[in-house]
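Heads up: the structure comes next, in structure tokens.
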Amino acid sequence: MNATSKCAHPACNCVPADGKKHCSDSCADAKGILELTCQCQHPECQGQKLKP
């Protein structure tokens with residue numbers, strides 16, 4: 001895992017696999033859509049609210 005960057009989804013706190021921008025298909029599919037909470041379903045991230 002790449003410990004220096006987080007998922008490209010603004011409301012997600014997960015770390016994607018090396019070479020990936022998103023931690024899940026859910027986060028990748030949300031590209032261009034404003035979501036207030038992350039929907040990736042990873043236990044450590046689930047329900048994180050977007051922080052301004």
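Out of the stretch 25-46, which residues are more than 11 Å from the chain's Cα centre (by Cα) and on the phi > 0 side of the Ramachandran plot?
Across the stretch 25-46, the qualifying residue is only Gly32.
Results for (1) at pLDDT 90 or above; (2) outside any loop (DSSP other than H, G, I, E, B), shown as yes or no for each residue.
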position	(1), (2)
Asn2	no, no
Ala8	yes, no
Ala11	no, no
Pro16	yes, no
His22	yes, no
Ser26	yes, yes
Leu34	no, no
Pro43	no, no
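The values are calculated or read from the model by the stated rules, or taken from the named source; none is laboratory data. Note that the structure is a prediction, hence the values are computed from the model and not measured.
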